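The values are calculated or read from the model by the stated rules, or taken from the named source; none is laboratory data. The structure presented is a predicted model; accordingly, all values stated were derived computationally and were not measured. Don't worry about glycine lacking a Cβ; one is built from the backbone with ideal geometry, like all the others, and counts go over all protein chains shown. The accessibility values were calculated without ligands, DNA or RNA, using every heavy atom of the protein model including side chains. Shrake-Rupley method; radii C 1.70, N 1.55, O 1.52, S 1.80 Å.
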Amino acid sequence: MTLADLGPLAQLTAGRLTRRLTQMLLGLVAYGVSLAMMVAGGIGLAPWDVLHSGFVEHVPMTLGQAVVLFSFVVLLAWIPLREKPGVATVANAVVVGLSADAALAVLPTPDALAWRVALMVGGVVLCGLATALYIGAQLGRGPRDGLMTGLHRRTGISLRAVRTAIEVSVVLIGLVLGGVAGVGTVIYALAIGPLAQWMLPWFLVDLAPRR
């Protein structure tokens with residue numbers, strides 16, 4: 001099985017839609033919860049969330065609302081890149097932020113280092129699982145993933161180099177704004193790709209025609 005490159009209509013008519021929509025939503029909710037776990041751990045956030053956490057230091061907005069806002073800002077960059085949006089593109093922009101705020105409302109913020117490390121590691125692992133779930137549903141890419149793949153296609157620069165450049169940039173901007181970076185940021189950057197790649201075959205929905 002392979003990831004398909006489908007437009008929005010083709011995504012919806014490719015079959016197994018109920019399973020794929022359910023899997024996508026589970027993945028996006030889990031993504032938001034993983035973000036909240038890393039915030040509660042307080043040992044560093046994912047690169048984009050360093051930017052989000054710095055931004056909310058200066059505006060009357062929750063972290064989840066910042067995630068939603070920046071998702072739609074990033075989508076504007078898809079226009080010149082000519083990326084194909086999908087169901088998951090819009091759902092990602094909204095559901096991740098809402099679920100992050102909901103999880104932050106109920107998650108404790110422990111003082112003990114062991115619990116903080118557990119929340120951070122658990123958040124990274126859950127984010128890898130969430131990524132595999134929503135991408136495996138084959139309903140399109142999220143705004144930030146599409147920015148990466150779009151720049152790769154338009155510039156010819158490797159995906160790894162494009163992703164590194166984007167994530168270094170948003171971390172630096174986030175730090176200037178007062179965002180939260182740390183050991184967890186480094187662990188996330190190193191682990192999330194391998195984790196998602198390892199887990200993706202478990203959840204990749206086969207869209208091949210059935211005989």
Three-way shape call for the stretch 82-161 based on the alpha-carbon gyration tensor, with the a/c threshold at 1.5: prolate
Among 111-118, 85-92, the order from most to least packed when residues are scored by Cβ within 10 Å on average: 85-92, 111-118
Label-point separation, Ala112 to Arg154 (7 Å along Cα→Cβ), nm: 4.9
Rounded to 10°, Cα long-axis angle of helix 159-177 versus longest principal axis of the chain: 30
Fraction of accessible area attributable to carbon and sulfur, the stretch 1-74 (%, probe 1.4 Å): 70
Peptide ranges 34-43, 57-66 listed from the most packed, as the mean C-beta count within 10 angstrom indicates: 34-43, 57-66
Potential extension, Asp206-Val125 segment - 0.36 nm per residue separation minus Cα distance: 26.8 nm
Fraction of accessible area attributable to carbon and sulfur, the stretch 129-211 (%, probe 1.4 Å): 67
Mean Cα-pair separation over length for the chain, i.e. relative contact order, pairs under 8 Å, 6 or more apart, %: 39
Residues with amide H under 5 Å from that of Gly179, placed H, sequence gap 5 or more: Gly54
For the chain, accessible area per residue (1.4 Å probe, heavy atoms of protein chains only), Å²: 50
Candidate values [x] 49, 36, 27; [y] 57, 33, 30; [z] 52, 39, 29, label of the one derived for Cα extents along the principal axes in Å: [y]
Note, ³J(HN,Hα) from phi for the stretch 107-123, Karplus 6.51, -1.76, 1.60, rounded to Hz, x at Gly and Pro: 6, x, 10, x, 8, 5, 4, 4, 5, 5, 5, 4, 5, 5, 5, x, x
